[in-house]
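Every read-out reported here was derived from the displayed coordinates using simple, explicitly stated rules and does not represent laboratory data. Since the model is a prediction, treat every value here as computed from it, not as a measurement. Neighbour counts are summed over all protein chains in view; Cβ atoms, including those assigned to glycine, are modelled from backbone coordinates with ideal geometry.
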Amino acid sequence: MTDIKKIYLSLILITSITSCGPSDVIVNIYGVSEYNCSTGEYRILKPMPMLSFLKPKKWYTREEFHEANYKDALKPYKDLAMSEETLSKFLPTIGLSNEIFNEFTMPVDCENPKDIKF
């Protein structure tokens with residue numbers, strides 16, 4: 001009988017610990033993307049031509065967003081003999097990537113999180 005009580009109490013303890021963990025605040029943006037207010041990450045839910053460098057359903061921080069944008073913009077010039085200085089003149093900067101990131105997350109109000117609909 002004591003073994004059953006120990007097992008039962010253990011199960012109750014485990015379920016209470018796992019259910020009380022912190023949860024992220026995620027805002028759905030027009031049904032095509034999401035912004036995680038808790039971590040500051042962004043993801044698209046389905047392929048978008050404007051953000052073709054992002055993989056659907058993968059979370060991106062600002063840095064990862066810039067890396068993906070930069071790598072995608074670099075693809076056509078990969079095998080050309082160009083200096084980093086020349087490439088930097090027309091490849092996206094961190095500032096430009098942040099502006100794009102901000103544009104897509106602009107409607108989100110993390111102090112009053114609610115889904116943005118049409």
Protection-proxy order for peptides 81-90, 43-52, each taking the mean of Cβ atoms within 10 Å per residue, highest first: 43-52, 81-90
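What does the extension gain come out to for residue 24 and residue 116, with contour length at 0.36 nm per residue minus their alpha carbon separation? Walk me through the numbers before you get to the answer.
Values: separation 92, 0.36 × 92 = 33.12 nm, distance 1.70 nm.
Residue separation times 0.36 nm, minus the Cα-Cα distance, leaves 31.4 nm.
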Cα-based reach from residue 75 at 20 Å (exclusive), listing aspartates and glutamates while leaving out same-chain residues under 8 positions away: 63, 64, 67, 84, 85
Estimated distance in nm for a label pair at residue 86 and residue 64, the labels positioned 7 Å out from Cα along Cα-to-Cβ: 3.4 nm
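Within 14 Å, Cβ to Cβ, of residue 43, how many net charges do the neighbouring residues add up to if Lys/Arg are +1 and Asp/Glu are -1?
Details: positive: 46, 55, 57, 58, 62; negative: 24, 34, 41, 64.
Local charge sum for residue 43: +1.
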